[in-house]
1. Please work out how much length the chain gains when fully extended from residue 233 to residue 343, using 0.36 nm per residue of separation minus the C-alpha to C-alpha distance, in nm with one decimal.
2. First obtain the Kirkwood hydrodynamic radius of segment 408-485 from its Cα pairs, then insert it into the Stokes-Einstein equation at 4 °C and 1.567 mPa s, and state the resulting D in µm² per second as a whole number.
3. Sort the following peptides by mean Cβ neighbour count (other Cβ atoms within 10 Å, averaged over residues), highest first: 314-324, 467-477, 150-160, 60-70.
4. Which distance in nm do the two modelled labels at residue 386 and residue 444 give, with both placed 7 Å along the Cα-to-Cβ direction?
5. Roughly what would the spin-label model give for residue 25 and residue 69, points 7 Å off Cα along C-beta, in nm?
6. Between 0 and 90 degrees, rounded to the nearest ten: what's the tilt of helix 134-146 against the longest Cα principal axis of the chain?
7. Between helix 473-482 and the chain, what is the angle of the helix's C-alpha long axis to the longest principal axis, kept within 0 to 90° and rounded to the nearest 10?
8. Rounded, prolate or oblate: which one fits segment 98-396, using the alpha carbon gyration tensor with axes a ≥ b ≥ c (rounded when a/c is under 1.5, else prolate when a/b beats b/c, else oblate)?
Amino acid sequence: MAKFLPPEAFADAAASLSLLPFNFERTGPDSYLVANLVGDFVRLTDDELNRVVDLKLRPGDELYERAYAAHLVTNEGQRSQRQLLALRLRSRMSFLRQVTPLHIFVVTLRCEHSCPYCQVSRQSTDRSRFDMSEETAFRSLNVAFASPSSRIKIEFQGGEPLLNFPLIQKIVLAAKDRSERSGKGVDFVIASNLALLNDEVLEFCRSNGILLSTSLDGPADLHNQNRPRPGGNSHALAVKGIGRAREILGSDRVGALMTTTEASLDRVDDIIDEYLRVGLDGIFLRPLSPFGFAIKTKQYHRYDVAKWLAFYERGLRRILEINRNGTPFREFYAALILTRMLTDQPIGYVDLRSPSGIGIGALVYNYDGSVFASDEGRMLAEAGDNAFRLGHVDQDDYRSLILSDPLVDAISQSLTQCAPECSTCVFESHCGADPVYHHATQGDALGIKPLSAFCARQKGIMTLILDILHNSPEDAAILRRWAGS
Ligand code: SF4
């Protein structure tokens, strides 16, 4: 007698389909960009998106196969897709396993530069008032070494930190000693304008494995206009310092950052050429931030996000041209976003993580012992706004700082996964939260994203990168090489 399969084996296959979470955005009259739970993108027409949403698909359809491969639909009872998405999500969020890896020591607020865009409200006088004391430094080290991260980075900032170099030396030696005793790894960075760099500093950096990070805003005329100092020689000193540091410490032991002022907007080619001339292997095209002297001197309001995005696009396309002509050179922010888009590697970079990196990514110890959730939070406090001041090293320990109300409140508001606008945004998986920026510009840590320049910038950069990946195969190959690098 012939055997028949049970009746349910003949049920409509589509009846057992279900949707997986995804976000989408219209990109044209008949086209949508769709992103799955971990941010893999697929482009669908209006009709295709409607068919996916209505589950008008059947296994074996071309559209079903695409939607299944993109993790937009699954079969009920099939766990493998959900498990795969969960694994990938866990890997992408694994930056949370290293809690507070970065500790910023503001060893002095004094500076011999007087940059109008300065974000930290530097001071020029009164050594005793604006330098960190040894006692405050060692209390700060107690907090830093109590953080759970198995490896920490101590970054020295100012003002100009080399104005208090003797304290840097004491902190480095004490931290290395604690590192040996505790087994917790420690790395060091000095963020300096390099004007005071000398052989003693270089030798100390070399023998203690200290990295240098500096500012280079472009060719001499632009850099010196942006970064005035007595003698008008900031650029010459920075370039000389970069050269000496590359020679003594190694070419990969010194990096530079630029800040975009109004005067930079039509100079991006010159700025990139200057980085190449100095021998640097990439550039981080950065906008101004709304803090410190940048607000007082009204620098921050001199250009809007549209002008900055035009500057960024011209710069990125110029960098791709340089690569096509045979010289490897990267734009570092694009490289971070590409790593988010094309790999599942965790990214700790503050603008590209949710929950936000304030406190749980970095703590800032100000010269007077106050502790802040981020460098920008400290900059706000210099202007009288203590919203992100978590406590003081004289009264607090790591636990009381990290569990303080201002930090817990701000972090709980920072989750893009559930924030209005972000939770349905097609770029959510690759974006992040910046509660300090939104507090500073909108008076609200969560922020109203349609009015946010941070959001407009993120969307603009990601749209540009996706456009290049989609439409320019030669440039796409270059961009793919930057992912995870
Ligand atoms: S900040 Fe803007 S771009 Fe980023 S996830 Fe939110 S809505 Fe999207």
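The values are calculated or read from the model by the stated rules, or taken from the named source; none is laboratory data. Everything quoted here is computed from the prediction, not taken from an experiment. As a convention, Cβ positions derive from the backbone with ideal geometry for all residues, glycine included, and neighbour counts pool all protein chains shown. What goes into the accessible areas is simple: the full protein's heavy atoms, side chains included, and nothing from ligands, DNA or RNA. Shrake-Rupley method; radii C 1.70, N 1.55, O 1.52, S 1.80 Å.
1. Separation in residues times 0.36 nm, less the Cα-Cα distance, equals 35.3 nm.
2. Values: Rh = 13.8 Å.
For these conditions, the coefficient is 94 µm²/s.
3. With the highest mean Cβ count within 10 Å placed first, the list reads 150-160, 314-324, 60-70, 467-477.
4. 2.6
5. Output for this residue pair reads 2.5 nm.
6. 20
7. Approximately 60 degrees, to the nearest ten.
8. rounded
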